[in-house]
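Some notes on the structure that comes next.
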Amino acid sequence: MKVKVQIVKDGDSIVLEDGQEVRYIGVDAPEEWTPCYWEAKKQNQIFVEGKTVLLKFYNQRKRDRGTRLLAQVYVDDILVNAEMIKRGFDTVRVEYLNEKDVNKFIALQEEAKRSKLGLWGDCPPSPEPDYIVNLKSKKFHRRTCQWVKKISGENKDSVKTREEALKEGFDPCKLCQP
């Protein structure tokens, strides 16, 4: 199935033009605010963002426990799932993976470890998050908070640290608890 990628969410998931979310089968990327998160996301963006990709599904399972599609993601002849492991940005996640790919992915991960790439090397710690402030409500939020999408452009700004937000008179959001 060929589809266009709208945005990259992180190092192992994307959102398609039709709004469906896809999780790369067989890999696990660093979580936000952990070492290598931004590097993995950026590498994934380089591979797929805005591009048409080919999704291949295993026969036994097309979706994870949520609603995300589980797929092998190809750009041209490159299996992005495997390439993210090979470059040390993602680790192997055997859940939902077939036996043939488990061995291939583990071998790629072992080579990344030996070569000290990505997570296995000197991945810098993630910087402290920027926070989004609502100039109208005087609240500040984590970038991932659902309220951020609802702040109009003229009321939206950002600050580098929690302390800066508090110093400028903003109150923390009760939902995302920054």
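All of the numbers you see were taken from the coordinates with simple rules; none came from a lab. This structure is a prediction, so every number in the text was calculated from the model and none was measured. Ideal geometry is used to build each Cβ from the backbone, glycine not excepted, and the neighbour counts take in all protein chains shown.
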For Cys36, enumerate residues with amide H under 5 Å from its amide H, sequence gap 5+ or separate chain, H modeled in the peptide plane. Ser126
So the label point goes 7 Å from the Cα of Arg65 along Cα→C-beta, right? Which residues of region 11-25 then have their backbone N under 17 Å from it? 23-25
List the trypsin sites (Lys or Arg not before Pro) in region 65-97 that DSSP assigns to loop (not H, G, I, E or B) and whose Cβ has at most 10 other Cβ atoms within 10 Å. Which are they? Arg65
Under the 7 Å Cα-to-Cβ spin-label approximation, Lys9 and Glu31 lie apart by a distance in nanometres of 1.5
Can you give the angle from 0 to 90° between the axis of helix 99-114 and the longest principal axis of the chain, with both taken from C-alpha atoms, to the nearest 10? 60
For Lys51, other-chain or 5+-apart residues with amide H closer than 5 Å (H placed, Pro excluded) are Val5
Can you compute the FRET efficiency between Ile46 and Lys149 using 1/(1 + (r/R0)^6), with r the Cβ-Cβ distance and R0 = 25 Å? Round to the nearest 0.05. 0.50
Of the DSSP beta bridges with both residues in the chain, give the percent that are antiparallel, rounding to the nearest 5. 85
Sort out for me the Cα centre separation of region 1-61 from region 81-106, rounded to whole Å. 14
Percent antiparallel among DSSP beta bridges (both partners in region 84-178, rounded to 5): 80
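Which length gain, in nm to one decimal place, applies between Val75 and Gln20 when the Cα-Cα distance is subtracted from 0.36 nm times their residue separation?
Working it through step by step, the gained length comes to 18.0 nm.
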Over its Cα atoms, what ratio of radius of gyration to 2.2 N^0.38 Å does region 131-172 give? 0.99
Can you give the local net charge around Ala112? Use residues other than it whose beta-carbon is closer than 9 angstrom to its beta-carbon, Lys and Arg +1, Asp and Glu -1. +3
Round to the nearest 10 and give me the degree value, 0 to 90, for the angle of helix 37-48's Cα axis relative to the longest principal axis of the chain. 60
Looking at the square roots a ≥ b ≥ c of the eigenvalues of the Cα gyration tensor of region 17-98, which shape do they give, rounded for a/c under 1.5, prolate if a/b is larger than b/c, or oblate? rounded
Can you tell which of Asn103, Gly11, Phe89 lies farthest toward the positive end of the dipole of the chain, using +1 and -1 charges on the Cβ of basic and acidic side chains (Lys, Arg; Asp, Glu)? Gly11
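Suppose every K and R has +1 on its Cβ and every D and E has -1 on its Cβ; what is the size of the dipole of region 1-110 about the Cα centre, in Debye to the nearest 20?
340
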Just to confirm a number: summing +1 for Lys and Arg and -1 for Asp and Glu over residues other than Asn155 whose beta-carbon lies under 14 angstrom from that of Asn155, what do you get? +4
